[in-house]
Amino acid sequence: MKMKKRTWTTLLLAAVAMAAITLLGGCGKGADNGKIKVELVQYKQEAVKVFEALAEKFNATHDDIELVVDSPNDAMTILKTRFIREDYPDIIGIGGDINYSNFLDADMFLDISDFDGLADINAAYLEMDKQLEFIPKDGVYGVPYVANAAGVLYNRDLFAEHGWEIPTNWEEFMTLCDDIQAAGIQPFYFGFKDTWTCLAPWNAMAVDLAPADVCSQVNKGQTTFTEQYREVAEKLMQLLPYGPADPFAYGYNDACTAFARGESAMYTIGSYAVPQIKSVNPDINLDSFVLPANDNADENVLNSGIDLQFCVMEDTPNKEAVYEVLRFLLADENVQYYLDDQNAVPCKTGDFKLASVLDGVTSYIKEGKMVDYQDHHYPTEMAVDAIIQTYLMDKDTDAFLASFDKNWQRYNRDLIRKVQDYENSLAK
C-alpha cells in the first residue's frame, strides 16, 4: 500500500522505528500450507489467552483459512514500525482512540461498508468512530467489538448496610458523599499518584458537561476549552475532600487494594479495574453507576468507549477470508466468551450476559445513551493526564484552562490547520 500522507508517517513513525526493529522477529508470514492466511495483530495484552483460544477454534472449523493472531508487547510501536516497512497484517485490533484517528487519516484502512456484520453493531459505537475522524470520510473503517464503561464503582454491601441510594444528579451525589463521610467511611479512594487515573473521573464527568465533539469544535475554531471545560474542572475539584488526605500519595494498585479492602465506599474508575480489585478481594460485591455530573438526571450519560475494534488494512489481498474471520469473531458465543473473560461491554447488539458489576449501567448500554471518552481525542504528546494532575495539586482553575487551550494549540497545530482548511473549502 502506498502511503498518501507522508507527514504523519515521517514524523510519528520514524521516531519509533529503531526502537522496535529488533522486536519484529516474530512477525513472519508462517508456513505455506495451502490455506489462505489471515494475520490479525491485536494490542490487548490482557486478552492474549482469549485470542489464542479463538484462533484455535477458528482453525479447527475452517479448512481453507488459517487465522494467525499476534499479540506483541508494545503492539502500537510494533504496528507503526511494520507500517514503515510496508509489512501489513490483514486486520489490526486497536482501541477507538487517537491511534485509530491517525491511522485512518493516513488512509491505511479499507472501507468495509459492505461487511454484513455491521448491521448488528450498536449505532452509538459506530458514531464514536465517526467522531474520531479528523476530516469526515465516507464509509466505515472499523468493526467495534467490545467496550468498557467508566463511572463510579461502589461496594454493594456497604450501600445496603447503610441504606445509601444511588444518586441521579450532582446534588444527590454530593449529599451521598456527605452521608458516607458522616458515617465515618471514606467516600472515595484515588490513585492520582499515577497520572492516568486522573482521567477516569474527568472523562466520566466531561461526557455529561461538555459536547461530545468538543475537540472537533475547538479545531474548527468554534469554541475553546476554557469555555467548555470550566464546569468539569470545578466539579472534579469538588471530589477531592471526599478522598484521602493526600490523593497523590497512592497509585492505581494502592487505590484498587484499599477499595477492595473496604477502605472506601466508592471508586471513580472504569470497569477495567475490576480484575485488579478482585485479585485482592475475590468476594467483594461490586456494582457501578453513571457519575451524575449533571444537575438534570435526564442529561446524564454513560462514559463508554471502544476498547477493541477490528480494522481491515486497505491492501489486504484476502478480503473475503478476512470477512469470514470477522463473522466468526462476531458470533454471539465468541463475543460472550470474550465478555466473560474480560468483564467487557459488547459493541454488538444482542442478548448477552454482562458482568454483574455493570448492572447499574446496563440500561444506558441497551438504550445507547453512551458518549466516548474525551481523552480518546487528545494527542498523546500533550499529556493531558499530567495537566489535570497539576491542576488538582495547584487548584487554579483559570490557569488550568488557559494551559489546556495553549497546549492544545501547540500539539495540534498541523491538525487545526488541516481541519480549518477543510471547513473553508466547504464554505466556498
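Rule-based calculations on the coordinates, nothing more; no lab input. These numbers were taken from a predicted model, which means no experiment stands behind them. Neighbour counts are summed over all protein chains in view; Cβ atoms, including those assigned to glycine, are modelled from backbone coordinates with ideal geometry.
Helical runs (DSSP H, four residues minimum) scored at -39500 (n - 2.57) apiece and divided by the length of the chain put the mean residue ellipticity at 222 nm at -12500 deg cm²/dmol. Spatial offset of region 318-397 relative to region 137-182 amounts to 15 Å, using the alpha carbon center of each.
Debye calculation, C-alpha points only, no solvent: report log10 I(q)/I(0) for the chain at q = 0.06, 0.08, 0.14 Å⁻¹, in the same order as the q values. Relative scattering, expressed as log10 I(q)/I(0), comes to -0.26, -0.46, -1.38. With a ≥ b ≥ c the root eigenvalues of the C-alpha gyration tensor of region 252-305, is it rounded (a/c under 1.5), prolate (a/b larger than b/c) or oblate? It comes out prolate by the Cα gyration axes. Multiplying the residue separation of Ala245 and Ala297 by 0.36 nm and subtracting their alpha-carbon distance yields 15.7 nm.
Computed extension length for Lys319-Leu118: 70.8 nm, one decimal, from 0.36 nm per residue of separation with the Cα-Cα distance subtracted. Extending 7 Å from the Cα toward the beta-carbon at both Thr349 and Ser403 defines two label points whose distance is 4.4 nm.
Here r is the Cβ-Cβ distance between Glu52 and Glu333 and R0 is 25 Å; the resulting FRET efficiency, rounded to 0.05, is 0.90.
What the Cβ-Cβ distance of Asp341 and Glu161 gives, at R0 = 41 Å and to the nearest 0.05, is a FRET efficiency of 0.85. A Förster distance of 56 Å, applied to the separation of the beta-carbon atoms of Ala383 and Ala60, puts the FRET efficiency at 0.80.
Our note on the geometry: Cα centres of region 93-115 and region 183-203, 32 Å apart. Which residues among region 298-335 fall inside the zone where the amide N is under 20 Å from a point 7 Å beyond the Cα of Glu172, along Cα→Cβ? What the label zone holds, given the 20 Å backbone N cut-off, is 298-304. Each Lys and Arg adds +1 at its Cβ and each Asp and Glu adds -1 at its Cβ; summed about the Cα centre, the chain shows a dipole of about 1360 debye.
Take every Cα pair under 8 Å whose residues are at least 6 apart in sequence, average their separation, divide by the length of the chain, and the relative contact order is 24 percent.
State which entries of Lys366/Lys418; Lys193/Lys395; Lys193/Lys348; Lys278/Lys395 exceed 26 angstrom in Cα-Cα distance in the structure shown.
Numbers: Lys366/Lys418 37 Å; Lys193/Lys395 16 Å; Lys193/Lys348 36 Å; Lys278/Lys395 33 Å.
Violating the 26 Å Cα-Cα cut-off are Lys366/Lys418; Lys193/Lys348; Lys278/Lys395.
Amide H to amide H distances under 5 Å link Met313 with Ile91, Ile92, Leu110, where only residues 5 or more positions off or on other chains count and H is placed in the peptide plane.
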